[in-house]
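The values are calculated or read from the model by the stated rules, or taken from the named source; none is laboratory data. As the structure is a computational prediction, the values presented were derived from the model and not from experiment. For neighbour counting, all protein chains shown are included, and Cβ atoms are generated from backbone atoms with ideal geometry for every residue, glycine included.
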Amino acid sequence: MSSLEAEFNQIIDQAQAVRNRVGAVRDQIVSDIYHQAREITEKVVKTYNSRDPDRKIDDIVTSKIFGYPLMFALLSLVFWLTISGANVPSAFLADLLFGFQHQLTAVFQWAGSPDWLHGVLVLGLYRCLAWVVSVMLPPMAIFFPLFTFLEDLGYLPRVAFNLDKLFKKAGAHGKQILTMCMGFGCNAAGVIACRIIESPRERLIAVLTNNFVPCNGRFPTLITMAAVFMGTLVSGYNNFAASALVAGVVVLGVSVTLAVSWILSKTLLKGVPSTFTLELPPYRIPKIGSLLIRSILDRTLFVLMRAVVVAAPAGAVTWILANIQIGDLSIIGHLAGRFDGFGRLIGLDGFIILAFLLGLPANEIVTPILIMSYLTQGVLLELDSIGALRQILINNGWTWLTALNMLLFSLLHFPCATTLLTIRQETQSIKWTVLAALIPTVIGILVCFLVAQIVRTLGFQF
């Protein structure tokens, strides 16, 4: 290293040290201002039977004793309402959209279209779109209004206030919890929500780690695999145990978010966490009209349209791969064979790896592609019960280890194409977009590999 480079690096280090000291001084000044204001207020202001509702609510909502339990209970309630409330409209939409498929088939038959064209456009493209819309729309239509309600109510700033210290220890920003909550609905929306973080460094950390929060596109796979896991581990299927397992996976995702945020803040994105000075707004009753417009039009439909754009080609490609035979196997069968050795190494198999790769455009189609591959069917499909699905998987060599690692990889694998496109637009960088895909994928592979090796070494696989 030349003397000029050494001098330059020294100047950079000195500038960073000065920046850190300035940040510490600013924190101290803000703290002293509030301390002095509190002392003056206590000396000159007298209150008689003060019944300020906002203050009394905040004494509970932001307290060290009740703040965290109330926060997790409320967010769990929103989470439960989203999953439970989406079941009926999802089934209705699926019946409606798949019923319309028969009308499209009749039109193609009337027009005398060749079978391959009907297969690509109806059984592939349209059926894939029907899956994405029926699975994604109801949860987003429930989650986003609930999230916007809490935002307009004034509660979400209290969540950020409660978790600021935890995220600051991880080298991140307290507002990242808000972007994580948005990620439960859709990771692409969570990435867009990272705009609320002023610091470019901390905004980038939030963007790169948002994928560790499972979106509604991954919940169908997580819930299904939890049921399969419980059914292969013990006899019978326990709804409560499976729900607890899904909740544990979500907690694991949040923990991984904090861990990766800390690692990034110490390596690629070094820096001191910025000060999170937040003036808590008063509680107010949200306006239903503006709430629905913002949550449905600006968030739900915006994210859905992006998913539709990338999922349509995936359906057509999947149908082609499943229906072109090379020898005795379809292209899907040949590709799965290529990935089988790697899949077995990490406790999965070649068909599972291929399903995740073909499911890149939309996470919702991973499970249907997997079932189609195992049954060598030419269209996307889903079985009518968890028990039937479990039997198909067991017949194809699944154990409880396979179901567990499927759960883990569903949580930790690369973002969907919609999220990756959003990251590219938000960061204006191919490098960070590639890293956003590589970081969770590498972590997912390592976690699955370690779990598989530990289970096999201890002889627990059966």
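Miscellaneous remarks
- Within the stretch 185-228, restricting attention to residues that are at pLDDT below 85 and of a type in the set (Val, Ile, Thr), the residue that is nearest to residue 421 (Cα to Cα) is 221.
- Complete set of residues in the stretch 388-421 that are surrounded by 20 or more Cβ atoms within 10 Å (Cβ to Cβ) and over 16 Å from residue 218 (Cβ atoms): 389, 390, 393, 398, 401, 402
- Subset of the stretch 140-163 (residues that are over 21 Å from the mean Cα position of the chain (by Cα) and of a type in the set (D, E, K, R)): 152, 158
- Residue within the stretch 250-263 that is farther than 27 Å from residue 127 by Cβ, touching a residue at least 24 places away in the same chain (Cβ under 8 Å), under 26 Å from the mean Cα position of the chain (by Cα) and in a loop (DSSP other than H, G, I, E, B) present: no
- Subset of the stretch 410-462 (residues that are in a helix (DSSP H, G or I), over 27 Å from residue 132 (Cα atoms) and either touching a Ser or Thr at 6+ places or on another chain (Cβ under 8 Å) or of a type in the set (Lys, Arg) (or both)): 431, 456
- Residue list for the stretch 347-364, restricted to those being closer than 21 Å to residue 229 by Cβ and touching a residue at least 40 places away in the same chain (Cβ under 8 Å): 347, 348, 349, 351, 352, 356, 359, 363, 364
- Options 121, 97, 117; residue that is under 24 Å from residue 220 (Cβ atoms), surrounded by 11 or more Cβ atoms within 10 Å (Cβ to Cβ) and touching a helix residue (DSSP H, G or I) at 6+ places or on another chain (Cβ under 8 Å): 97
- Taken over the stretch 181-207, the criterion of being surrounded by fewer than 24 Cβ atoms within 10 Å (Cβ to Cβ) and under 21 Å from residue 263 (Cα atoms) is satisfied by 197, 198, 199, 200, 201, 203, 204.
- Any hit, the stretch 130-144, residues being farther than 30 Å from residue 195 by Cα, out of contact with any strand residue (DSSP E or B) (no Cβ under 8 Å at 6 or more places or on another chain) and assigned to a helix (DSSP H, G or I): yes
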